[in-house]
1. Look through the range 34-48, keep the residues that are without any contact (Cβ under 8 Å) to a residue 40 or more places away in the chain and not in a loop (DSSP other than H, G, I, E, B), and return whichever of them is nearest to ligand 1 (Cβ to nearest atom).
2. Is at least one residue of the range 110-120 over 20 Å from L165 (Cβ atoms), assigned by TED's automatic domain parsing to the domain that holds A213 and of a type in the set (A, V, I, L, M, F, W, C)?
3. Which of the residues belonging to the range 58-96 are of a type in the set (G, A, S) and without any contact (Cβ under 8 Å) to a residue 24 or more places away in the chain?
4. Checking K94 against (1) touching a helix residue (DSSP H, G or I) at 6+ places or on another chain (Cβ under 9 Å); (2) within 15 Å of ligand 1 (Cβ to nearest atom), which single condition isn't satisfied?
5. Y159 fails exactly one of the following numbered conditions: (1) under 16 Å from G11 (Cα atoms); (2) among the aromatic types (F, W, Y); (3) over 13 Å from the mean Cα position of the chain (by Cα). What is the number of that condition?
6. If you take the residues in the range 12-33 that are buried (at least 18 other Cβ atoms within 10 Å of the Cβ) and in a helix (DSSP H, G or I), which one is nearest to ligand 2 (Cβ to nearest atom)?
7. Could you grab me the full set of residues in the range 118-143 that are free of Cβ contacts under 8 Å to residues at least 60 places away in the same chain and not in a loop (DSSP other than H, G, I, E, B)?
Amino acid sequence: MVKASFDQIKGFVFDLDGVITDTSLYHTKAWHQLADKLDVAWSKTLEDGLKGISRMDSLEMILKTGNKENDYSQDEKVALATEKNTNYVNEISKMTPENILPGIKDFLDDLRANGYQIALASASKNGPTVLKNLELTDYFPKIVDPATLSKGKPDPEIYTKGAELLGLAPETCIGVEDAAAGVQAINAANEVSVGIGDATLLKEADVRFDNTAEMTLANIKKALG
Ligand code: G6P
Ligand code: MG
């Protein structure tokens, strides 16, 4: 499919965890802890697969990995997910602007200065708290509320809603993600996908950078033409 050229881009729709900040490490730590408690073997594949996935879907993925998806009632599952979230919330309560990933603040300033619209498309219900602790709330006037979604990433819904909130056609938006499920969601929403991280994991991204410091408007322009 032919995607937009750089000149057609009007807005950016951002994932949060692993893109704006390193919270993916805290999610991973909290899930790993729960998996150990449930006696489910942890692996890099499971770790990568959980990225971008909603809280309850993440728990289901962990239980399925250990063939334990039928071992718990719905109430017990909610209690396990709440336990993970309590540990995660404790971690993010310590966050400060120092936890913003390299280059992100400059990139957001550059986007603002050049008139691009900005939205957040994170599956995390803790997104607004994280932005507040990073002192980035003002950069994100539009945030997709994950509670309103009927399907999680890789479904395009969250990215489609992000473009909608900006009042832009999806084709004129760039989505930024660190997760394979997220890149798939951006592509399915018909937006231009920018992946941050591993080349194999993010092979479906239209543009990819090894890290956030490399994500600049100039580099995106170079890649898109
Ligand atoms: C993001 C993260 C996932 C996390 C999900 C839900 O997509 O990448 O690791 O599970 O948000 O986060 P929450 O804070 O609502 O549990
Ligand atoms: Mg992410």
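1. The first filter runs over the range 34-48 and keeps only residues without any contact (Cβ under 8 Å) to a residue 40 or more places away in the chain, leaving 35-37, 39-47.
Add one more test, that the residue is not in a loop (DSSP other than H, G, I, E, B), and what stays is 35-37, 44-47.
Numbers: A35: 13, D36: 17, K37: 17, K44: 15, T45: 15, L46: 12, E47: 10 Å.
Within the range 34-48, the match that is nearest to ligand 1 (Cβ to nearest atom) is E47.
2. Step one: list which residues in the range 110-120 are over 20 Å from L165 (Cβ atoms), which gives 110, 113.
Among the residues that remain, those that are also assigned by TED's automatic domain parsing to the domain that holds A213 are: 110, 113.
Still in the running and of a type in the set (A, V, I, L, M, F, W, C): 113.
Yes, the range 110-120 contains at least one residue that is over 20 Å from L165 (Cβ atoms), assigned by TED's automatic domain parsing to the domain that holds A213 and of a type in the set (A, V, I, L, M, F, W, C).
3. Quick first cut of the range 58-96, residues of a type in the set (G, A, S) only: 58, 66, 73, 79, 81, 93.
Answer for the range 58-96, where residues must be of a type in the set (G, A, S) and without any contact (Cβ under 8 Å) to a residue 24 or more places away in the chain: S73, A79.
4. (2)
5. All conditions are met except number (3).
6. Result: S24.
7. Scanning the range 118-143 gives P128, T129, K132, N133, T137, D138, Y139, K142, I143.
The rows are residues; the columns are (1) open to solvent by 50 Å² or more (accessible area, probe 1.4 Å); (2) touching a Ser or Thr at 6+ places or on another chain (Cβ under 8 Å); (3) farther than 21 Å from K142 by Cβ; (4) in a strand (DSSP E or B).
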{"site": "K161", "(1), (2), (3), (4)": "yes, yes, no, no"}
{"site": "E164", "(1), (2), (3), (4)": "yes, no, no, no"}
{"site": "K203", "(1), (2), (3), (4)": "yes, no, yes, no"}
{"site": "R208", "(1), (2), (3), (4)": "yes, no, yes, yes"}
{"site": "I220", "(1), (2), (3), (4)": "no, no, no, no"}
{"site": "A223", "(1), (2), (3), (4)": "yes, no, yes, no"}
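The values are calculated or read from the model by the stated rules, or taken from the named source; none is laboratory data. The model shown is predicted, which means the values in this text are computed figures rather than measured ones. Positions of Cβ are backbone-derived with ideal geometry, glycine not excepted, and every protein chain shown enters the neighbour counts. Each accessible area value is taken on the protein alone, full model and side chains, heavy atoms only, with ligands, DNA and RNA left out. Shrake-Rupley method; radii C 1.70, N 1.55, O 1.52, S 1.80 Å.
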